[in-house]
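Below: one structure, written as structure tokens.
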Amino acid sequence: METIKYLQFYFVFDRVMSGYDDIFVAIESEILDRFDNFTDEFSFDYDETKRFLMRLAKGDRKRFATSKYLPRPLSSAIISELLDKKFIKIEQSKEIKPIKNRHQKLKKELRRYQIQDKIHFTKRFYRFWFRFIEPNLDLLKNNQKDIVINEIKNEFDHYCSLEFELACIELLSKSLNIPKGQISSYWDRENEIDIYANYDGFTIVAEAKYKERKICKNILNLLIQKCEKSKINWDKIALFSKSGFSNELLGLRDDRVILFDIDDFKDLYE
């Protein structure tokens, strides 16, 4: 099986499905045609939990984003239930809280600013379900699965972007022998970096691109600028690409920069 197809099966099913070579055929046969088999798995204490999960699957994963549409006590109760059920997990922020000098007031925007953790689904299938299936259950019940599969095909690359980023963390851990728990993303008030690790005095940052075009040197330059802005002193930079790299990057003579293409993911989850 081609490496990209291998990854796509993991991005949806958390495993390769025997008997299938095409991810969309597998989705149609194993999920859309059998959606009734899964609905009992998604039973929760609060009516708003599914709404919370659908928004999480599609959008902002920061913990306090829910306060835009749910009361804080209800949001906390939902998160607590989902953590207990091991349906979600928390990725802690690496951002350092601004230090206030005793004789100096913090700027107004910093006084209001809260450092936020991020929320992840514990299984890729959970995210897929609440991104594409749960919002479209009425269509599936009305035998309109063609509309659903077309939506999945149109949005699939966007869905895969986060899963590819998480796969890059797995690959980086294996390649550099860094404990997986030491690698995460990095975000602060002004910046987001796909992958960040500070382990044993060694710092690596990385960018992951699940695109149909090659990564060019501009991506490297932008990542370096982000590090400067967030005061991150890096030792190595890694770039991960679904579609390869420009000749300029391939010809770069800098052993601080590591390039990973799609073939490097072969048998990642074995």
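Derivation of every value follows stated rules applied to the coordinates shown; laboratory data play no part. Every value quoted in this text rests on a predicted model; they were computed, and no experiment measured them. When we count neighbours, we look across all protein chains shown, and the Cβ atoms used for this are built from the backbone with ideal geometry, even at glycine.
For the pair S29 and S76, label points projected 7 Å from Cα toward Cβ lie 4.9 nm apart. Computed over region 177-265, the P(r) tail beyond 18 angstrom holds 43 percent of alpha carbon pairs.
The D14 and L250 beta-carbon pair, evaluated with R₀ = 30 Å, returns a calculated FRET efficiency of approximately 0.35.
For the chain, a crude dipole built from +1 on the beta carbon of Lys and Arg and -1 on the beta carbon of Asp and Glu, taken about the Cα centre, is about 1880 debye to the nearest 20. Legend: calculated FRET efficiency, D263 to D47, from the Cβ-Cβ distance at R0 = 51 Å, rounded to 0.05, equals 0.65. Going by Cα centres, region 23-98 and region 125-174 are how many Å apart? Result: 14 Å between the Cα centres.
Spherically averaged projected area of the convex hull of Cα atoms, the chain: 17.3 nm². Here the simple spin-label model places points 7 Å from the Cα toward Cβ, and for Y69 and E270 these points are separated by 4.2 nm.
If both residues of a DSSP beta bridge must be in region 177-265, then about 45% of such bridges are antiparallel. Relative contact order of the chain: 16 percent, from C-alpha pairs under 8 Å at least 6 residues apart in sequence.
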